[in-house]
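Student: One structure coming up, written as structure tokens, with questions to follow.
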Amino acid sequence: MYIGNALGLFLFTYLADNKGRRYAHGLSWFIGSIFTVVIVVFNDINVLLFSYFIIGACTTMNATINVVYLNEISFGNFRTMSVIFLWVVWGFAELAILPLSLIVSTWK
């Protein structure tokens, strides 16, 4: 997933610069949604790994565009606090993956 993040960072930011942020954001949501459904439907490990790779590429674009959008609509001290809050919450969400995966053991 994290290698997909690096690829998505280059690919979707290029699309955002040349085609527009709205186009790149919509495309990343569309592709990410399709491969999320693929993860739910298929049980083959190769399909799951490829789907996680593509989802990683799409989530990076969403995170990047969300921070840019948050900077555009926020003003003053709220801008700084909102971006810091966003990154801290994402960090805690990453830390929660392992405990949640141990609690929910019946997931694929």
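Values quoted throughout were computed directly from the atomic coordinates according to the rules given, and no laboratory measurement underlies them. This structure is a prediction, so every number in the text was calculated from the model and none was measured.
Student: Can you give me the angle between helix 2-19 and the longest principal axis of the chain, using Cα atoms only, in degrees from 0 to 90, rounded to the nearest 10?
Tutor: For 2-19 against the chain, the angle is about 40 degrees.
Student: Note the angle between two axes, namely the Cα long axis of helix 21-41 and the longest principal axis of the Cα atoms of the chain, as a number of degrees from 0 to 90, rounded to the nearest 10.
Tutor: 20
Student: A further question on this structure: Find, to one decimal place in angstroms, the Kirkwood hydrodynamic radius of the chain, where the mean of 1/r is taken over every pair of different Cα atoms and then inverted.
Tutor: For the chain, the Kirkwood estimate is 15.3 Å.
Student: While we're looking at this one, here's another question. Nearest 500 deg cm²/dmol is fine: what mean residue ellipticity at 222 nm does the chain get from its DSSP H runs of n ≥ 4 alone, each adding -39,500 (n - 2.57), divided by its residue count?
Tutor: One gets -30000 deg cm²/dmol as the mean residue ellipticity at 222 nm.
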